[in-house]
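What follows is a short report on a single structure.
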Amino acid sequence: MILLGVLVIIFGACLFCALRAALGPTAPDRVVAIDALVSLMIGALVLLGVYYRAPIYLDVALVYAFLAFLGTLAIAKYLEGRGIET
């Protein structure tokens, strides 16, 4: 029962992050909001894996975290002005 309560809180925080990503005044604000949203979704996947006792959720969370990290690095380099190719 506690796990479901935590999941509801995480999804509520996801709504706030999505709102900030949509309304953020600058591009770095949007990137930070999306990065926080991804972190919350990874936590939700881990909790769902524990709740359903299905290790596939943990594998998906791991791959999602790796891809999100690479995406954040690429966006940071782009916003810095160096481009992705260098």
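Cα centroids of the stretch 10-26 and the stretch 27-86: 15 Å apart. Taking the C-alpha atoms only, the angle from helix 56-80 to the longest principal axis of the chain is near 20 degrees.
Treat the count of other C-beta atoms within 10 Å as a stand-in for reagent exposure and order Arg53, Arg30 from fewest to most. Before the final figure, lay out the partial values.
Working: Arg53 7, Arg30 16.
Fewest to most other Cβ atoms nearby, the residues stand as Arg53, Arg30.
Between Ala54 and Val6, the contour length at 0.36 nm per residue exceeds the Cα-Cα span by 15.5 nm.
Note on the chain: Rg/Rh from Cα positions, Kirkwood definition for Rh, rounded to two decimals, is 1.07.
Helix 27-52 and the longest principal axis of the Cα set of the chain meet at an angle near 20°. This ranking places Met41, Met1 by how few other beta-carbon atoms lie within 10 Å of each, fewest first, which gives Met1, Met41. The order of Tyr64, Tyr52, going from fewest to most other C-beta atoms within 10 Å of their C-beta, is Tyr52, Tyr64.
All of the numbers you see were taken from the coordinates with simple rules; none came from a lab. This structure is a prediction, so every number in the text was calculated from the model and none was measured. With ideal geometry, Cβ positions are generated from the backbone for all residues, glycine too; neighbour counts draw on all protein chains shown.
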